[in-house]
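These notes concern the structure reproduced below.
The values are calculated or read from the model by the stated rules, or taken from the named source; none is laboratory data. Everything numeric in this text was worked out from a predicted model, so none of it was measured. Here the Cβ positions follow ideal geometry from the backbone for every residue, glycine too, while neighbour counts run over all protein chains shown.
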Amino acid sequence: MQFKHAPVAVSAVFDDPNLVSVAGLVPMLRLARSAGLDELAQSRLSVPTDKGANAGGKVMALVAGMLAGADSIDDMNLLRHGGMGRLFDRTYAPSTLGSFLREFRFGHVRQLDAVASRTLVNLASAAPLLQIRDGERVMVDVDDTIIEVHGYQKQGASFGYSGVRGLVRTLATLGHTHIAHVSGPTQYIHTHERIAAWQGAMEAAGLDASNIVEGSFTSDGGRTAADILMTGARLPTAVFCANDLAAIGFMNRAIELGHRVPHDVSVAGFDGITIGDHVRPTLSTIRSAPRELGREAARLLLASIDGEQVPSVSLAPARLVLRDSVARVAQD
């Protein structure tokens, strides 16, 4: 005698050809297309062989699947249930999407990162969710714990949104497109490294990275840079200074010239010195980790003395700290 007649497992699929299982997918994909996601992916991704064909459509399909709740490649099959196929010019089998992703190498991940940056900027313009009134604050959650992720062949992502890239992406999300950089003296190696990081972040966001003024890592150098940048015909709406002292000098001089910080120009520095939390407005910064740098330098020195091979470059973590000196671009 069978005591329980309930099936062991129940699986429901939408097989009605006119039924779409995720109603919100239509406006979400329309928004993604208006932000240029498919065109950007098609023009910037260079995945080789036939598996990389129609990259824009495949990226849109992957995004659609994730929006619909897919957690794996096999789950992408939900895009072919019922009337879902009517939302797309063509539908892809999960195996096709999986083959597309398996062709990715590190360079393709960086290309996709550039697509994401530009889509984010376009999305902020198409859906300005951060519009605020005077006196209100914008709270942007930037995860500073994101680390590099690699596959078994070392292909993967180097996203690290916490440093210069995190700052540029935050500024772009807040509507800033004219961003200038006040560098340190060009005879220092770390000046060029910081310029390269800023330029890379700007280019990834689709922004002009040519507006650079050489500073001196001092408050006076920041003031001089403000005299140059804030008196021209085309004023920047945001400025990233190579260290906090220069940022404070820039901010003070900009205010003396009649500009409001952050209403007219947002300002951010680098280092995370204590005084940045006591100036007005409080200074946004990329906080470095001097103790970790010191420990790592000592470890590498001892390893070198012992005859071990040590890397020529060692990076310490940096954390983006947003304070009152950064805000959304003013609408007036």
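Limited to the stretch 220-235, what total is found for residues that are of a type in the set (Ser, Thr, Tyr) and more than 19 Å from Pro262 (Cβ to Cβ)? Of the residues in that region, 1 qualify.
Among the numbered conditions (1) surrounded by 14 or more Cβ atoms within 10 Å (Cβ to Cβ); (2) more than 28 Å from the chain's Cα centre (by Cα), the only one that Glu256 does not meet is (1). Only residues that are touching a residue at least 12 places away in the same chain (Cβ under 8 Å), surrounded by 15 or more Cβ atoms within 10 Å (Cβ to Cβ), outside any helix (DSSP H, G or I) and aliphatic (A, V, I, L, M) were counted in the stretch 53-95, giving 2.
Within the stretch 90-101, which residues are of a type outside the set (S, T, N, Q) and farther than 14 Å from Ala55 by Cβ?
Of the residues in the stretch 90-101, the ones of a type outside the set (S, T, N, Q) are 90, 92-94, 97-98, 100-101.
Ala93, Pro94, Gly98 - these are the residues of the stretch 90-101 that are of a type outside the set (S, T, N, Q) and farther than 14 Å from Ala55 by Cβ.
The conditions of being part of a loop (DSSP other than H, G, I, E, B) and either of a type in the set (Gly, Ala, Ser) or modelled with pLDDT under 95 (or both) are not met by Phe270. The set of residues from the stretch 28-52 being farther than 24 Å from Gly69 by Cα and hydroxyl-bearing (Ser, Thr, Tyr) comprises Ser43, Ser46, Thr49.
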